[in-house]
Amino acid sequence: MLPIASPFTEARRAPNDFVLIPSRGSFISSDHSTIENLHLGITNHAGEVTSFDFNGICYEKGFENRWSECLSLNFIQKLSQDQSDIDLFNLFWSSSLAELISVKRTNYHPVDNNCFDFGLEMITILTRKLKEANNRRLCEVIQILDQVKCDKVSFCQNFVVERTKLAALYLCFHRKLGHLPVVCSS
């Protein structure tokens, strides 16, 4: 029998990335529906998650239960396959996240100021920092970021839909196979 690789991972295995979990429950739980809301978090270099919800900004270790089974968006790798670009991009991630945390307003609203808005604010700050660095190698990356930084639909089309389709396919197989044990791939 061929193993089916799980698209899910622990947040700590997805440093400097955006990660998704269902707003309630887990992806694997039988009560999860594909129409449920998703919650977006941002990992730092250690895979610790910063997210934004009705409680304001939340800090969680990437191995805590809530983030132990999440979808990594592979954000940086999707922008560029060039390792030197990825290394450079990673340098800006931490300072962008720190700035976001220091300026984020705390007026959560489920539609107008939610975790996805938090993620878009991260992209806006990151884009500004990359532009200020004036590195010509990152021009294509900056163009992509400019397109998605202020638009939830573009962000989802470019980064979320592909990963959630993969997760839905995996969950379909998982449920059809009678709830065999699931192992998160790293």
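The values are calculated or read from the model by the stated rules, or taken from the named source; none is laboratory data. Small disclaimer: the values here were computed from a predicted structure and weren't measured. Here Cβ is always computed from backbone atoms with ideal geometry, including for glycine, and neighbour counts include all displayed protein chains.
Yes or no, residue by residue, for (1) outside any helix (DSSP H, G or I); (2) exposed (fewer than 13 other Cβ atoms within 10 Å of the Cβ); (3) touching a residue at least 60 places away in the same chain (Cβ under 8 Å); (4) in contact with a Leu (Cβ under 8 Å, 6 or more places away or on another chain):
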| residue | (1), (2), (3), (4) |
| --- | --- |
| Cys58 | yes, no, no, no |
| Arg66 | no, no, no, no |
| Lys78 | no, no, yes, no |
| Ser84 | no, yes, no, no |
| Leu88 | no, no, no, yes |
| Phe92 | no, no, no, yes |
| Ser95 | no, yes, no, no |
| Ile101 | no, no, no, no |
| Asn107 | yes, yes, no, no |
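Close Cβ contacts (under 6 Å, 6 or more residues apart or on different chains) running from residues in segment 163-178 that are closer than 25 Å to Gln77 by Cβ to residues that are of a type in the set (Ser, Thr, Tyr) comprise Ala168/Thr34.
Among residues of segment 109-126 being β-branched (Val, Ile, Thr) and not in a loop (DSSP other than H, G, I, E, B), the one that is nearest to the chain's Cα centre (by Cα) is Ile123. When the test is whether a residue is closer than 19 Å to Val161 by Cα, at pLDDT 90 or above and in contact with a Phe, Trp or Tyr (Cβ under 8 Å, 6 or more places away or on another chain), Phe27 does not pass it. Just so you know, in segment 30-53 the residues that are hydroxyl-bearing (Ser, Thr, Tyr) and either closer than 16 Å to Asn74 by Cβ or exposed (fewer than 14 other Cβ atoms within 10 Å of the Cβ) (or both) include one that is modelled with the highest pLDDT, and it is Thr43.
Of all the numbered requirements in (1) within 15 Å of the chain's Cα centre (by Cα); (2) of a type outside the set (Asp, Glu); (3) modelled with pLDDT of 80 or more, Gly56 misses one, and that requirement is (1).
Taking (1) closer than 22 Å to Leu40 by Cβ; (2) part of a helix (DSSP H, G or I) in turn, Arg137 satisfies each apart from (1).
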